[in-house]
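Everything below concerns the one structure shown next.
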Amino acid sequence: MDRYRNRRGTSIWSRWSAALLTVLTVAFTGAPVDAQTGQITGVVRDAQSNAPISDVQVYVVGLQLGSLSRATGQYLILNVPVGQHTLRAERIGYEPQEVTVDVTDGGTAIVNITLGSQALGLDEIVVTGAAGAARRREIGNSISEVNVADVMDRPTSTTTLLQGSAPGLEITGNDGQAGQGKQIRLRGNGSVSMTNQPLIFVDGVRLMDGAFPAVTTPGTVRGRGAFVTVSPLDNINPNDIERIEIIKGAAATTLYGTEASAGVIQIFTKRGSSGAPVWTAEIQQGTGWARKFGVNGVDYLNMEHFMRDAWWGGGYEGGDLSRDCVTDDARWEGVNGDVAGACSWPGSQWYQTYNVSVRGGGQSLQYFVSGAYQDDQYMLPLDQLEKYNFQGNFTFSPANNLSVQWNTGYMNQWQQNTPSGNNLSGLELQTFRQERNYFSDGDPRTIATVLDYDFQQRLERLTSGITLNYNPITNVTNRLTVGYDFAQQEARNLMPFGFWEFPDGSLVTDVFQKRLLTFDYVGSYRFPLTDAVQSTFSWGGQAIGNDLRQVTALGQTFPGAAEPTLSSASIFRNEEDRESVWNAGFFFQNVFDIADRYFITAGLRVDGNSAFGDSFGLQTYPKISGSWVISDESFWPESMGSMKIRTAYGQSGRAPGAFDAVRTWDPVGLAGAPAFRPDNLGNPDLGPEITEEIEVGFDGSWINDRLSVAFTYYTQKTRDALLSVSGLPSQGFTEDQLRNVGELSNNGIEVQVNADVLQANSWGADLGLSLSTNHSEVVSLGGIEQFEDLNGWIIEGQPVPVGFDRRVANPDQVSGSWEYENGGENVVVGPLLPTHIISPTLNVRVPGNIILSARGEYRGGHFMEVNEISISRSVRSPLCFPYYVDPATDITLRDDTPDLWRERCTPSGGDDYWFDADYFRLRAVSATIPVDFAFPDRISNATLTLAVNNIWDWFREIPWYDPEVLSNDAATDDGIGAQSERTPAPATFRASLRVTF
Amino acid sequence: MNTIMRRAMRLTTLVAAGFVSSACDVTNPGPVLDEFLTLEDAQQGLINGAIRAISELMGDAAYTHATLAREIFPGGQTGAWGHNVTTQGGHILPGSYGAEFDDAQQARFIAETAIQRFAEAEASDQNLYQAYLWAGISYRLMGELWCDAVVGSTDPEDPEPGLYEVGTQTYFQRAVDNFSAALTFASTDEEEDAAYAGRAQARVALGDWANAASDAAEVADDFVFAILHDESESDLYNDLYEATSGQFRSYTVQFTWFEDYYSTGDPAVVDEVTNTGDPRVPWVIDPDNDVATASLQGFPGGAVPYKPQRKYSSRDDDIRLASGWEMRLVEAEAILAQGQPFAGAMTLINQVRTRNVSDVDGATLAPWTAADATEAWTALKRERGIELWLEGRRAFDLRRWDTGGVPGEDDQPAWEDTSHPGHTPLFLDNPRSYCYDIPDSERDRNPNVPPAIGGGG
């Protein structure tokens, strides 16, 4: 500690402590009152319903003074200098309001404000994709915004919150495993070889995208583990999020340059507000139950034996059949006594979440601080999760022209998972296959052997960023963001001594670390070109350092049954990955503002990337867009509502991987000795793939903003698409080599409709509908052969990807054998990604201000191959039960089996499992009930939310399982449709009580 | 915008471009850059790369070719450590098994790269010997395991795609050339034995019996040369062991010729003729598992009785590439092939055989007898099948004997016969293969190689 003492002998810690104490004192109590100041207070209400509105930003224009309204609508701004001021109130979805107010020395000005809802929000400030910040009216591209306060069912993960929240956004993943992440895709697949997952920013700081890896046993076929891949987005506590902005294509992401063509999701966490501390506390308790995913009487594919019954004390108890859920399974009657019906509710879980936050502050420092604890037990016997989240956001305004925003989030998550997925020790694999499994035994007590496999991981994440806004002179702004995101996953994957698969024991310890450094500067200068034309010139630069480190150590063969470490193993194997990629670029942009209703934006981004080939150089990305607020024209009658017409063109890119450009050999090793094998052939000309996109659309609102529509048509083309060109095996380099040779296209429409269909004092109803279509095509493969990728095929003239497989030509015949179409060659089945997604929402307000809400999602136009039972290994598949002579023991087929099912149920066939994959899923139904009456007066707001999720679906053809179950690669994969042996997600019920005081 | 502003912008742009370029100058550790291979320190790593590729190849090929040659009977497992249904039926789908082709071609490519770079670097004789030896082994294996050849330049940097060749004669000829070159750098008896043995094997395939016998005669009886397998990672496993390691029970010795030849499995039943207890073809009964994993399509009852082999008893049991005893059999076969008196061949055959004692009674194995050349051929084929059991050699032997019209019994169980206890429709539905086909990964991209039509030999 000595080296931290200064010359006077005072510890630096104590000086910092004193300073911090002072800051907090000021922050929590408000700044000392200046003799020449007064205060402004009042209530903000909805203009139509007169209901109080919370979370309204009320501030004094030109001063760094403001406040957020509370649930009661009340706001308070302290220390306002004496004089006349303009007070402005803003909230997403409402038309901003400005009022003039006179503040007297020591006086209190009472200003009550009414806000009219504004569907278009033309004067709202948006940040993502703009140089600095811009009003919506200026922006030529579409931008979706999710206001978390409007999501009624209080989801506990950010990816769930986003599901179905915006047109063009597809979030897939529905495994019933603790911590399992989801795939995120915007406007289809714009790339074959590189990721299609969007970039993630939190308050301007770049976050790790994609997903944490599944930690498995190295050196084994398919690995061994649980195949759980946590989404970084789910590291963020949804309660800390204020809003989310989503830009989906190259027309909007140009200023993010290389890496951004898959879109950008930016999360804005809550900020402090002036005034006394406002506390919010929430407790959430939940349960759930397994949904039937089997068929023909095998409702849970025999997994009911292993499902937890956390609430009722039954469920899996180490193979004690008297306590297992054995409903409908008469085979085990008489074993260990009373058996049948021992569990009436298979798969019940227990979820607990506790949140507390406080926001407030003084004149120059506002704060938002939160903490959360989550403790979940899932339905699989070993699945549980414990998570802590902390967030601290501080806004410091030392001068009128300078503000500093410091946001820091920390997350610590521990989870344990049941071995799952397609691997030898996967619980579902062994259970689904019954007596054809690796034990040749379907007895759950035998299968339970795999549950000795202990798989645990701890995730830590620290994201911190400082943003300085400095406006030295009028019309000049500067914003500098420096951010750091550190994510760490430490996993232990233990097969204990005596474990059936590896009796001598096996331990994997894996440490995965990802560090992202963000430097982002943008400046702007606004100046008049003519009396009618304003020009805003922006310039800036961005550098993102992306550093990956992963160390995997495997130790096997332990001396005994003691708790092992790697050091006690007799056989070792280590793997290490270290990759650092820097992307840096700069840009210029100019916005021409003509009469505040015509806007033309032109910009250019120039990028370098360390993964580009030596011969490549820099890449430029241009953009141009236009916006016309036609409803501001004099000829536009007021009765026609508001409308903005917009169009945008832009380019952005996607960089190759860190090693793709160079010729390398793989240091594979040979039993302890060095060994090299040909790896990557290399390509010095390798550059990014370039996506260019044109968007055309409009935003309109009518009938006093009760009906709003946002429509966008987009067409995008990816040229120089990075495709894996396979080398000639006979020439040694057998690994695929990336080349910029392909061309892909995507086009579609996106429609967002919101209708306020009923508005009365006690009743109200809002209908929402988002619709998106996506039609992708492989325009050119640049002369290379069609190939498999994205869990499908990449074929010229076909969607990205397309199903391409053998199909039975005589499905309904009963001939005793089957014929394939096209002489047994593969035929095109159809797109594997949904071509249209429709997400309806409904909010109904009933007397007592109770809000009933529902949201669902329909996906269609695609095909899926669904067969998670290994027919080729002669496993008795419940799908084939109607066709077996004796389904209980044998796979011999009845003579009257239709030829399609004969193919499907015969081991040498087992191929044509393609189904029209259209389905609808009711994602959430909730009731939000004000319960202020049950609390003392000092509780300003109390709300009880009851929500059920994932309770109903409709499938056009899919006969079983769940179309959102992911492959072993789960959220790290880009393809959908490949499934693994997992248990689909349960239905859940959660009750949340939230109080504000 | 005034002049100063324009100049400021230009300067800013230049500075920014410079920053962008310099910020992206990153060198990552990990994969080995190509230029590193020119260093002396890298030479052994390059040779080891070829060895590893062959280890991976042999792990798969010995297993798959055992299935084709009916040295083992499939248990029904199709995924991990199993074969697809058609391979279980003894058929190689045209254009399949690309990974094995990659391994073989990489082994050849690495070895030829080593030859080229070692020559440029004036490497040691030891390293040059290794490079030529493994190039020879690569070519010999490609010749035996594949039906047809893709013949490219021996210059690894030559970008021209290889030419298609019916049969694999060029592979064997190149094997002979490389083994001959290796001999010029060999410095120990073991090194010479390995090169002579490899050249003898290649010359057998070429029908060059006189030179094959002369090479074989150079090799000591007790010489053994094996490819390394290792339990540190699954790619290096001895697959034949792993597929019978307990949790994987992918095949069985039941119904093969070797089942009864070794033992009835029942100590109460002693058959002096067939139950030899020959220690070269051991199998056991697994007290914990009486059936194989999964089940075989069409097999009565589904699950197949499980009798695992025990020639290999761990993941890191090496598979022999050549041995002195094999060379004695090469000499014996050369006698028969050249029409010389068969008694000389029988002497050599029984010399190989009678060095073994029975696992059943501890007695020396009884020698084979032959009344004529045909019976001598049967003894040669049988002894070769026993000596090289599960070493990936049998399918090529059956192929070349069939092509050459060699007399004598092949000891092939008739699983196509509906009355045979190992019968399933799989063996009728799938025509037998004896070698790998050139995979689609090569056929689709190499304009000189025609599309797969029948394949599978």
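The values are calculated or read from the model by the stated rules, or taken from the named source; none is laboratory data. This one's a predicted model, so the numbers in the text were calculated from it and none came from an experiment. Counting neighbours? That spans all protein chains shown, and the Cβs are built from the backbone with ideal geometry, glycine included.
List of remarks:
- Residue list for region A:969-997, filter: in a loop (DSSP other than H, G, I, E, B) and under 16 Å from A:F432 (Cα atoms): A:Q979, A:S980, A:E981, A:R982, A:T983
- Residue check, A:G42 over 24 Å from A:V995 (Cα atoms) and out of contact with any Leu (no Cβ under 7 Å at 6 or more places or on another chain): no
- Against the numbered list (1) assigned to a loop (DSSP other than H, G, I, E, B); (2) over 22 Å from A:N235 (Cβ atoms), A:S420 comes up short only at (2).
- The single residue among A:P834, A:P840 that is under 27 Å from the mean Cα position of the chain (by Cα), away from chain B (no Cβ under 14 Å), surrounded by 22 or more Cβ atoms within 10 Å (Cβ to Cβ) and not aliphatic (A, V, I, L, M) turns out to be A:P834.
- The listed residues are A:T552, A:T530, A:T557, A:T518, and the only one of them that is more than 11 Å from chain B (Cβ to nearest Cβ) and farther than 23 Å from A:G657 by Cβ turns out to be A:T530.
- For region B:149-196, a residue qualifies if it is of a type in the set (G, A, S), closer than 20 Å to B:R117 by Cα and touching a Ser or Thr at 6+ places or on another chain (Cβ under 7 Å), and exactly one does: B:G152.
- Among the candidates B:T78, B:T86, residue that is farther than 21 Å from B:D235 by Cα, facing chain A (nearest Cβ under 10 Å) and hydroxyl-bearing (S, T, Y): B:T86
- The residue pairs whose first member lies in region A:871-894 and is within 13 Å of chain B (Cβ to nearest Cβ) and part of a loop (DSSP other than H, G, I, E, B), whose second member is of a type in the set (A, V, I, L, M) and surrounded by fewer than 20 Cβ atoms within 10 Å (Cβ to Cβ), and whose beta carbons are closer than 8 Å, counting only pairs six or more residues apart or on different chains, are A:V885/A:L893; A:T892/A:V885.
- Taking residues in region A:571-599 that are closer than 21 Å to A:F659 by Cα, and partners anywhere that are surrounded by fewer than 19 Cβ atoms within 10 Å (Cβ to Cβ) and of a type in the set (D, E, K, R), the pairs with Cβ atoms closer than 6 Å and at least 6 places apart or on different chains are A:R578/A:R549; A:S580/A:D547.
- Residue in region A:398-418 that is closer than 30 Å to B:G76 by Cα and within 14 Å of another protein chain (Cβ to nearest Cβ) present: no
- Members of region B:355-394 found to be over 19 Å from B:W325 (Cα atoms), of a type in the set (A, V, I, L, M) and touching a residue at least 24 places away in the same chain (Cβ under 8 Å), listed by number: B:V360, B:A370, B:A373
- Residue check, A:V404 modelled with pLDDT of 90 or more, buried (at least 24 other Cβ atoms within 10 Å of the Cβ) and farther than 30 Å from A:R990 by Cβ: no
- The residues listed here are A:G848, A:G830, A:G856, A:G823; of these, the one that is out of contact with any Lys or Arg (no Cβ under 8 Å at 6 or more places or on another chain), of a type outside the set (F, W, Y) and part of a strand (DSSP E or B) is A:G830.
- Under the condition of being closer than 24 Å to A:P155 by Cβ and surrounded by fewer than 20 Cβ atoms within 10 Å (Cβ to Cβ), the residues counted in region A:914-924 number 2.
- Number of the condition not met by A:T258 [criteria: (1) under 20 Å from A:G975 (Cα atoms); (2) touching a residue at least 24 places away in the same chain (Cβ under 8 Å)]: (1)
- For region A:127-157, the set of residues classified as of a type in the set (S, T, Y) and under 26 Å from A:T254 (Cβ atoms) consists of A:T128, A:S142, A:S144, listed by residue number.
- Among residues of region A:770-793 being within 14 Å of chain B (Cβ to nearest Cβ) and in a strand (DSSP E or B), the one that is surrounded by the most Cβ atoms within 10 Å (Cβ to Cβ) is A:W793.
- Of the residues in region B:215-222, at least one is under 20 Å from B:G404 (Cβ atoms) and at pLDDT 95 or above.
To keep it simple, each residue is scored yes or no on (1) modelled with pLDDT under 95; (2) part of a loop (DSSP other than H, G, I, E, B); (3) more than 29 Å from A:W414 (Cβ to Cβ); (4) not assigned by TED's automatic domain parsing to the domain that holds A:N609.
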{"residue": "A:F502", "(1), (2), (3), (4)": "yes, yes, no, no"}
{"residue": "A:T518", "(1), (2), (3), (4)": "no, no, no, no"}
{"residue": "A:R526", "(1), (2), (3), (4)": "yes, no, yes, no"}
{"residue": "A:D531", "(1), (2), (3), (4)": "yes, yes, yes, no"}
{"residue": "A:A543", "(1), (2), (3), (4)": "yes, no, yes, no"}
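- Scope region A:479-500; condition within 14 Å of chain B (Cβ to nearest Cβ) and in contact with a Phe, Trp or Tyr (Cβ under 6 Å, 6 or more places away or on another chain); matching residues: A:M495
Condition check ((1) at pLDDT 90 or above; (2) part of a loop (DSSP other than H, G, I, E, B)) across all residues:
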{"residue": "A:T128", "(1), (2)": "no, yes"}
{"residue": "A:A131", "(1), (2)": "no, yes"}
{"residue": "A:E145", "(1), (2)": "yes, no"}
{"residue": "A:A149", "(1), (2)": "no, no"}
{"residue": "A:V192", "(1), (2)": "yes, yes"}
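- If you go through region A:582-597 and pick out every residue that is crowded, with 19+ Cβ neighbours inside 10 Å and either more than 11 Å from A:T536 (Cα to Cα) or hydroxyl-bearing (S, T, Y) (or both), you end up with 6.
- Consider region A:438-474 and keep the residues that are at pLDDT 90 or above and surrounded by 21 or more Cβ atoms within 10 Å (Cβ to Cβ). The one that is farthest from the chain's Cα centre (by Cα) is A:V450.
- Qualifying residue in region B:287-295 (condition: touching a residue at least 24 places away in the same chain (Cβ under 8 Å), hydrophobic (A, V, I, L, M, F, W, C), within 14 Å of chain A (Cβ to nearest Cβ) and in contact with a Lys or Arg (Cβ under 7 Å, 6 or more places away or on another chain)): yes
- Any chance B:D221 is touching a residue at least 24 places away in the same chain (Cβ under 8 Å), touching a helix residue (DSSP H, G or I) at 6+ places or on another chain (Cβ under 7 Å) and surrounded by fewer than 20 Cβ atoms within 10 Å (Cβ to Cβ): yes
Every residue, every condition in (1) more than 22 Å from A:L842 (Cβ to Cβ); (2) surrounded by 24 or more Cβ atoms within 10 Å (Cβ to Cβ), yes or no:
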| site | (1), (2) |
| --- | --- |
| A:G687 | yes, no |
| A:T734 | yes, yes |
| A:R739 | yes, no |
| A:E743 | yes, no |
| A:G748 | yes, no |
| A:N754 | no, no |
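- Taken over region A:74-97, the criterion of being part of a loop (DSSP other than H, G, I, E, B) and surrounded by fewer than 22 Cβ atoms within 10 Å (Cβ to Cβ) is satisfied by A:V82, A:I92, A:G93, A:E95, A:P96.
- Number of residues in region A:496-539 that are touching a residue at least 12 places away in the same chain (Cβ under 8 Å) and more than 30 Å from A:Q405 (Cα to Cα): the value is 18.
- Listed by position, the helices (runs of 4 or more DSSP H) contained in region B:377-457 that have at least 2 residues being hydrophobic (A, V, I, L, M, F, W, C) are B:394-403, B:426-429.
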